[in-house]
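Contents: one structure, followed by commentary.
The values are calculated or read from the model by the stated rules, or taken from the named source; none is laboratory data. Source: prediction; values computed, not measured. Ideal geometry is used to build each Cβ from the backbone, glycine not excepted, and the neighbour counts take in all protein chains shown. Surface accessibility is based on the protein's heavy atoms, side chains included, excluding ligands, DNA and RNA. Shrake-Rupley method; radii C 1.70, N 1.55, O 1.52, S 1.80 Å.
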Amino acid sequence: MPKTASRLGGFTESVIRGMSRLAAQHNAINLAQGFPEGNPPRQLIDALICAAEGPHHQYAMTWGAPRFRQALARKVQRFTGLALDPDQNFVVTCGSTEAMMVALMTACNPGDRVVVFSPFYENYVADTILSGAVPIYVPLRAPDFRYDLAELTLAFAQNPKAVIVCNPSNPSGKVFTREELLEIGALAQKYDAFVITDEVYEHIVFAPHKHTAMAALPGHFERTITCNSLSKTYSMTGWRLGFVQAAPEVIAQAKKVHDFLTVGAAAPLQEAAVTGLEFPDSYYEELRASYTSRRDIFLDGLAASGLKWTEPEGAYFVLLDISPLGFATDTQAAEWLTREIGVAGVPGSSFFREPEHRYVRFHFAKNEATLTEATRRLSHIKKLRGL
Ligand code: GLN
């Protein structure tokens, strides 16, 4: 049999999605793959029913239905102040998963380097390798997950083609400050690199932290490629609606990549999602309040476990320090937690370049009852480990 492509040896299957399958197998509460519990807001379901009755069942325009891109441009302007052209600044993709792939394939030539902060969302490394580029890593160190400017400067001195910034960051919960983004932007400018951002958690930020859109920083629009999606903001991860936002010259190329990868995102879903993009500001305030309360419930509950964890500034992930539990690896710990405690998380090592086995990542995008039950189960960890 012929051999499959050697680039596939550079990464494994998604550990996140694998843990989701293990959770289902053991009937455990799935705090592994991060997605909101329950349905999107009722108005969106009604809009979907309405869209299903309309003439939206054939391909939408490949780079996104015009009405959807217009609504997107208005929403981006409302939150970032950027006045963008729906035709020239956006490509609608199948989730931000495709957006990131499109961004990297648009930016990189084979052999180019891409700076990835570690810990990272696992797709970045896989996507970098699939686009023919090579990841180079800069650590973000607990507890505040700040990068070291000297280390970042050294990475840029290797002339990368791009740096990937996940803000708010998965899995660390770090929210990059305006000053940090300006620092990263200045290095990108000096070494002529793109800044590729993943901003899917932009509306899930805990006070006093604030989300800053990289593209809206003075002088940084041209080299920023923003990847984003509607999944987290409107609780619709299954709709697979994402987008790439960038300068017209970049988008002209990204449109080609996207067209030949997937042709387009689902037409009826783009039509229905316009309703969400037009929600008033109060929707986003309530979303933030709801996630702040879920974070508080989860962290208060975790206190009973007697373990330590990382405090998220944004997004909905917590890294629980499982090192006192005496497991040889975090993978063993995560499997044991799924099987014996009935709560699934993701072994932290799958997010780190460094040999880091201290953490299991949990997400708290669940309703109050589920979070309460999960922390009740987790409160027995030490006892069950004989500690
Ligand atoms: N971003 C989510 C997580 O890290 C999952 C996204 C996905 O699986 N596509 O859990």
| request: Could you check how many residues of the stretch 9-29 are at pLDDT below 95, surrounded by fewer than 12 Cβ atoms within 10 Å (Cβ to Cβ) and over 16 Å from T331 (Cα atoms)? | output: 1
| query | Looking only at the stretch 108-139, which residues are outside any loop (DSSP other than H, G, I, E, B), in contact with a Pro (Cβ under 8 Å, 6 or more places away or on another chain) and within 16 Å of the ligand (Cβ to nearest atom)? | reply | V116, F117, S118, Y124, V125
| For V195, are the conditions met, namely being crowded, with 18+ Cβ neighbours inside 10 Å, away from the ligand (no atom under 16 Å from the Cβ) and either within 19 Å of the chain's Cα centre (by Cα) or assigned to a loop (DSSP other than H, G, I, E, B) (or both)? | yes
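Take the residues in the stretch 224-268 that are assigned to a helix (DSSP H, G or I), open to solvent by less than 10 Å² (accessible area, probe 1.4 Å) and in contact with a helix residue (DSSP H, G or I) (Cβ under 7 Å, 6 or more places away or on another chain), then tell me which one is farthest from Q33 (Cα to Cα).
A254
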| task | Read through the list (1) more than 16 Å from the ligand (Cβ to nearest atom); (2) within 22 Å of the chain's Cα centre (by Cα), then give the number of the only condition that T97 fails. | result | (1)
| remark: Residues of the stretch 348-369 being assigned to a loop (DSSP other than H, G, I, E, B) and either more than 16 Å from P324 (Cβ to Cβ) or touching a Pro at 6+ places or on another chain (Cβ under 9 Å) (or both), in sequence order, are F352, R353, E354, P355, E356, H357, F364, A365, K366, N367
| Just to be sure, is A215 surrounded by fewer than 22 Cβ atoms within 10 Å (Cβ to Cβ) and more than 16 Å from the chain's Cα centre (by Cα)? | no
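Go over the candidates T331, T372, T338 one by one and state the one that is part of a helix (DSSP H, G or I) and touching a Leu at 6+ places or on another chain (Cβ under 7 Å).
Every option except T338 fails the conditions.
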| query | Taking the stretch 14-33 on its own, how many of its residues are in a loop (DSSP other than H, G, I, E, B), out of contact with any Ser or Thr (no Cβ under 6 Å at 6 or more places or on another chain) and more than 10 Å from the ligand (Cβ to nearest atom)? | reply | 1
